[in-house]
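Below: one structure, written as structure tokens.
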Amino acid sequence: MKKKQLSILNGRLIDPANGIDQVIDIHIDKGRILAVGKAPEGFDAPSLNARGQLVCPGLIDLCAHLREPGAEHKATIASETAAAASAGITTIVCPPNTAPIIDTPAVAGQIKNKAKKAGFCRLLPQGARTRGLEGQQLSEMASLKAAGCITVSNGYNPLANSLVQRRTLEYAATFGLLTMIRPEDRYLANQGCAHEGRVADRLGLPGIPHAAETVAVANYLALVEQTGARVHFQTLSTDRAARMLGRAQYDKQPVTADVAIHQLFLTELDIEEFDSNTHVHPPLRTTSDRDGLRRAIREGIITAICSDHQPHEADAKAAPFPDTEPGISGLETLLPLTLKLVQEGAIDLSSAIARLTCGPADILGLPQGRLGLGAPADICIIDPDAIWTLNASQMLSQGINTPFDGWELQGRVNHTLLQGRIVYSRVKS
Amino acid sequence: MSQASQNLQLDKQGRLLHFLTIDGLQREMLTEILDTAEGFTGVSERTVKKVPLCRGKIVANLFFETSTRTRTTFELAAKRLSADVLNLNISASATSKGETLLDTLRNLEAMHVDMFVVRHASSGTAHFIAQHADPGVGVMNAGDGRHAHPTQAMLDMFTIRRHKGDFVGLRVAIVGDILHSRVARSQILALNTLGVTEVRVIAPQTLLPADARSLGVHVYHDLDEGIRDVDVIIMLRLQKERMRGALLPSEHEYFRLFGLTEERLAKADSGAIVMHPGPINRGVEMDSQVADGSKSVILQQVSYGIAVRMAVISMVIGSQNLQLQG
């Protein structure tokens, strides 16, 4: 029996990238998949019995704010990566809006080191597109790439100047960096805090129109056509933007997108009595937007679902709705809510798992998100029958701000493996 | 949504615990407020302008936004009910020292305040305070952001009922900045609940909510057309800052298109009344002949404000007393 070897037996392997959905064993050696099916001759490793459980690639989350450095009172890399591991997530892209901002190799390196030390999760720091996220000067993208950034973004600070937009796309493309964009026209958003529609009308909340998103998407689609640079849109919230994306993909433009899981369940109606846990950015939209986004997920126009994890301290949410900080602590609901989509018949299981694994992996160009021979053994083992009720106060994330408190969910992670090493176990085996 | 707001404002017997919004209140409740206010109108004319209904109670005025009319009429109303009144000028004290709203609330609760009268620039503040206040503490919404100003709406209803007798059959036009107006939102809800025939809003598209019709109104962009045959005209205050942010070109053009003049007023019903929540910008929303004319009931609105606020304060304190006994 050698170290770093493991067999996972009798589980139902769901590996959408390789078209596999069957009960089959997998064998791990030195952090990689050694064999699927029969163990190689003489392979004698400890085993984990996964009978009745789903065995999937570890989940890849394209957007989770871990708050460190700069806002450790909200969360830390150690606290959030532990929460991620408990939720089956093995790779996280963390946006550059930390303090200091990820616009130097030093900050990127520091974040990677902290994650390595914590040991729960692979962290991919996202570099700033512009220095200080100020939207004026290019960041030192080549250096950021050397420090481990494979994507750049300007976080929540949309670039107002179209020329800077174009040049950052071209400069990033020079180094093969993927530009990720939260599409928003800040003038149209006009410091709103809710979808501009019936609910905001009634509650007197400053509105953010659909056009705040679609204008920005249209703008970038034109720049993609001009420059040929690859662009990924983050956290789409409107049906219209998803349709625009579908058309651009039909025209063979190199554009992809993700959606935050809460946008597939909640709508403006959930704001109800000014519930600050439903204050998110982009805002919760209409039921037809939610249905349109579900359709785009099903049809594969949107190929990734992310948590858009934003943990907060209690004070950040204890104020009148417009004065609260937007965001949901979402790591621990990413998988169970995605499985709920399957239970509701919105998508089939294999496609749902794909949107959390090979979908985001392909966007990033990563070898993870699949479990073929030689692939990194990042694995998530799920009990698909476990029915449980979310209790926010028992979440592992330091932020317990979630509108899903009290929801009944089905499907829960039992084990998470990072490079063949068990980093989380719900049950002792 | 309405169901939930009902729960927060009302106890299980349907009595008023807070007064946060008109949304979710039944016609009977609004009528009860108006009837109760009717009973208080005499108090102001007596030599001893006080009734002992709220003796020993403490009402705290928490105004995070400046106000003259609303704050003073709330203060007078509480005092005429024999309550003790604390006036806290919050914008100048606590928040500027970084204290959170919740901290301010907790500190005042430690002083055993029975009721908060709250005005704040953010929509939802009164709900927030009602959700976090100790049980047994009432919250009066004196205006929150663009959301609601229910006592203003009720004093407007009181004024309309005094002049028109009943709501059934009335056509009411609200003119001006509907988008940013908490007064208009509350008025529209109250008018529709009380059963008027028609509520019209008259404004350029830049001053209307995205889906104004969903509020239960007919939309007009032309003042002459919109006020034809109406019984009540409510003019809204135009904030000067609307000229910035490309909502309106100038006061001059606004007055030319949406300002009320004697000539235009003639198009309304001959018995029409003109209202305004104040303070008026003369020559912007209306000219002086209209503001001071025979159809204007603007000053009566102010004095009715005291009786209406006495009514809701006494109803909330009354529910508190019943809860204590129960």
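The values are calculated or read from the model by the stated rules, or taken from the named source; none is laboratory data. Bear in mind the structure is a predicted one, so any value in this text is a computation, not a measurement. Don't worry about glycine lacking a Cβ; one is built from the backbone with ideal geometry, like all the others, and counts go over all protein chains shown. When the accessible area is computed, the model is the full protein with side chains, heavy atoms only, and any ligands, DNA or RNA have been set aside. Shrake-Rupley method; radii C 1.70, N 1.55, O 1.52, S 1.80 Å.
Remarks
- Candidates A:Ala229, A:Ala257, filtered to the one that is under 18 Å from the mean Cα position of the chain (by Cα) and not in a helix (DSSP H, G or I): A:Ala257
- Condition broken by A:Thr287, with the remaining ones in (1) more than 14 Å from chain B (Cβ to nearest Cβ); (2) of a type outside the set (Gly, Ala, Ser); (3) within 14 Å of A:Gly197 (Cβ to Cβ); (4) buried (at least 22 other Cβ atoms within 10 Å of the Cβ) satisfied: (4)
- Yes/no for B:Val284 being without any contact (Cβ under 8 Å) to a residue 60 or more places away in the chain, open to solvent by less than 50 Å² (accessible area, probe 1.4 Å) and either part of a helix (DSSP H, G or I) or in contact with a Gly (Cβ under 6 Å, 6 or more places away or on another chain) (or both): no
- Conditions (1) modelled with pLDDT of 95 or more; (2) surrounded by fewer than 21 Cβ atoms within 10 Å (Cβ to Cβ): number failed by A:Ala83: (2)
- Taken over segment A:174-211, the criterion of being assigned to a helix (DSSP H, G or I) and within 22 Å of the chain's Cα centre (by Cα) is satisfied by no residue.
- Where helices (runs of 4 or more DSSP H) fall wholly inside segment B:1-110, the ranges with 1 or more residues that are open to solvent by 30 Å² or more (accessible area, probe 1.4 Å), within 14 Å of another protein chain (Cβ to nearest Cβ) and modelled with pLDDT under 90 are B:2-9, B:101-109.
- Note on segment A:130-156: residues that are within 19 Å of the chain's Cα centre (by Cα), on the phi < 0 side of the Ramachandran plot and not hydroxyl-bearing (Ser, Thr, Tyr) amount to 4.
- All positions within segment A:367-382 that are open to solvent by 30 Å² or more (accessible area, probe 1.4 Å) and touching a residue at least 24 places away in the same chain (Cβ under 8 Å): A:Arg370, A:Leu373, A:Gly374
- Filter pass, A:Gly155 being at pLDDT 95 or above, small (Gly, Ala, Ser) and surrounded by fewer than 23 Cβ atoms within 10 Å (Cβ to Cβ): no
- When we screen B:Gly176, B:Gly124 for residues that are modelled with pLDDT of 95 or more, at positive phi and outside the structural domain of B:Gln320 (by TED's automatic domain parsing), the only hit is B:Gly176.
- Qualifying residue in segment A:246-266 (condition: closer than 15 Å to A:Arg182 by Cα, polar (S, T, N, Q) and out of contact with any Ser or Thr (no Cβ under 7 Å at 6 or more places or on another chain)): no
- Test result for A:Ala222, assigned to a helix (DSSP H, G or I) and not hydroxyl-bearing (Ser, Thr, Tyr): yes
- A:Ile363, sole failed condition from (1) open to solvent by less than 10 Å² (accessible area, probe 1.4 Å); (2) farther than 22 Å from A:Gln263 by Cα; (3) of a type outside the set (D, E, K, R): (2)
- Residue list for segment B:292-314, filter: open to solvent by 10 Å² or more (accessible area, probe 1.4 Å) and either assigned to a helix (DSSP H, G or I) or within 22 Å of B:Met140 (Cα to Cα) (or both): B:Ile298, B:Leu299, B:Gln300, B:Val302, B:Ser303, B:Tyr304, B:Ile306, B:Ser314
- Only listed residue being within 29 Å of A:Leu331 (Cβ to Cβ) and away from chain B (no Cβ under 14 Å), chosen from A:Gly228, A:Gly246, A:Gly192: A:Gly246
- Single condition A:Glu273 does not satisfy, out of (1) more than 23 Å from A:Leu364 (Cβ to Cβ); (2) not in a loop (DSSP other than H, G, I, E, B): (2)
- Checked against (1) touching a residue at least 24 places away in the same chain (Cβ under 8 Å); (2) open to solvent by 10 Å² or more (accessible area, probe 1.4 Å); (3) closer than 20 Å to B:Leu257 by Cα, B:Leu189 meets all criteria but (3).
- Qualifying residue in segment A:328-345 (condition: closer than 23 Å to A:His195 by Cα and either in a loop (DSSP other than H, G, I, E, B) or within 14 Å of chain B (Cβ to nearest Cβ) (or both)): yes
- Within segment B:268-278, at least one residue is within 17 Å of B:Thr151 (Cα to Cα), modelled with pLDDT under 95 and either touching an Asp or Glu at 6+ places or on another chain (Cβ under 9 Å) or in a loop (DSSP other than H, G, I, E, B) (or both).
- Residues that are in contact (Cβ under 8 Å) with a residue 40 or more places away in the chain and either within 27 Å of A:Ala386 (Cβ to Cβ) or assigned by TED's automatic domain parsing to the domain that holds A:Glu325 (or both) do occur in segment A:39-46.
- The residue list A:Glu313, A:Glu325 contains one member that is closer than 25 Å to A:Gly70 by Cβ, open to solvent by 30 Å² or more (accessible area, probe 1.4 Å) and either touching a helix residue (DSSP H, G or I) at 6+ places or on another chain (Cβ under 6 Å) or among the β-branched types (Val, Ile, Thr) (or both), which is A:Glu325.
- Index of the failed condition, A:Leu203 passing every other in (1) among the hydrophobic types (A, V, I, L, M, F, W, C); (2) more than 14 Å from every other protein chain (Cβ to nearest Cβ); (3) closer than 21 Å to A:Gly327 by Cβ: (2)
- Any hit, segment A:398-420, residues being farther than 30 Å from A:Lys317 by Cα and open to solvent by 30 Å² or more (accessible area, probe 1.4 Å): yes
- Meets criteria (more than 17 Å from the chain's Cα centre (by Cα) and over 18 Å from A:Thr81 (Cβ atoms)) for A:Asp362: no
- Restricting segment A:158-176 to residues that are in contact (Cβ under 8 Å) with a residue 40 or more places away in the chain and under 15 Å from A:Tyr187 (Cβ atoms), the residue that is surrounded by the most Cβ atoms within 10 Å (Cβ to Cβ): A:Gln165
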